[in-house]
Amino acid sequence: MSNYMPQLQFLQSKFGEARRTGNAVEASRYASEIMVFMKEHNISPIKNALLPMSQAPVFISFFLGLRAMAKVPVESMKYGGIGWATDLTIPDPYYVLPVIACGTLYIVLKIGAESGVKLENMKMVGYFLRALPIIAFPFCMNFPSAVLYYWCTTNFCTLAFVSILKLQPVRQYFKLPTQQPVDPKFLLPKKSFVAGIKEAYEDQKILAAVEDRRRIDEIRFQKYGTGPIPRTYSYDPTKP
């Protein structure tokens, strides 16, 4: 996916320029090119979001379950911890687990950002992801130790999994594509994060409208090709 993002964003930028200048012909052409490009390379925003979305219910279920067990509290959880946090029903009194959880979260997000494509207009997203662990710390410092143990374990497993997938023999065995350098002609000028979000939202609305019109045209073409020939008149039949 990351290998195709520079060219896709370049086409979207050209589409946005044509739309803003009122060039309907160029806008329609670039919209068609974007749709063809996404179909050829099997790019779908919904498909790319399915895996993270499928993991969210699992994490939330464990989080809510462990927090509820700590709130009861389950008697065995009062003595089931290790090290300095033996009581899993209360927050870590030394704040070690919150620091580890936020630190490993930062590393996970940093590795994920480095493994993706590096574009100028994606820097603000990187800044936000790096600030996310700092923002999360005041909230997670009051979580029960059981929740933080689970969170830390999940982050360490993610780090191990990502580190293994970065090994070249592993990538060759599973036939995973390697990150290609970005072609300079596809580099876009720097743009603010908010402006980029607004422009992407507007472009997506127009692309959806273009796709709907194309689908309607295909339905009409099939209807006229298989149905009876419509009757035509050399005069206006609505007028006497």
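The values are calculated or read from the model by the stated rules, or taken from the named source; none is laboratory data. Because the structure is predicted, anything quoted here is derived from the model rather than measured. With ideal geometry, Cβ positions are generated from the backbone for all residues, glycine too; neighbour counts draw on all protein chains shown.
Return yes when residue 61 is in a helix (DSSP H, G or I), among the polar types (S, T, N, Q) and under 28 Å from residue 130 (Cα atoms) and no when it is not. Spell out how you get there, then give the answer.
Values: in a helix (DSSP H, G or I): yes; among the polar types (S, T, N, Q): yes; under 28 Å from residue 130 (Cα atoms): yes.
So residue 61 passes the test.
When you check residue 43 against the structure, is it modelled with pLDDT under 90, of a type in the set (A, V, I, L, M), over 17 Å from residue 156 (Cα atoms) and under 28 Å from the mean Cα position of the chain (by Cα), yes or no?
On the way: modelled with pLDDT under 90: yes; of a type in the set (A, V, I, L, M): yes; over 17 Å from residue 156 (Cα atoms): yes; under 28 Å from the mean Cα position of the chain (by Cα): yes.
The answer is yes for residue 43.
Quick check, is residue 117 part of a loop (DSSP other than H, G, I, E, B), among the hydrophobic types (A, V, I, L, M, F, W, C) and either at pLDDT below 75 or surrounded by fewer than 11 Cβ atoms within 10 Å (Cβ to Cβ) (or both)? Steps first, answer last, please.
Working: part of a loop (DSSP other than H, G, I, E, B): yes; among the hydrophobic types (A, V, I, L, M, F, W, C): yes; either at pLDDT below 75 or surrounded by fewer than 11 Cβ atoms within 10 Å (Cβ to Cβ) (or both): yes.
Yes; evaluated as a whole, the condition is true for this residue.
Condition test on residue 34, is it at pLDDT 85 or above, assigned to a helix (DSSP H, G or I), of a type in the set (A, V, I, L, M) and not assigned by the TED database to the domain that holds residue 6?
no
How many residues does segment 160-192 contain that are at pLDDT 70 or above and part of a helix (DSSP H, G or I)?
Of the residues in segment 160-192, 12 are at pLDDT 70 or above and part of a helix (DSSP H, G or I).
For segment 53-93, name all the residues that are loosely packed, with under 13 Cβ neighbours inside 10 Å and small (Gly, Ala, Ser).
54, 56, 61, 68, 76, 83
Return the residue satisfying two criteria in turn: it lies in segment 1-31 and is more than 28 Å from residue 112 (Cα to Cα) and in a loop (DSSP other than H, G, I, E, B), and of such residues it is modelled with the lowest pLDDT.
So the residue we want is 22.
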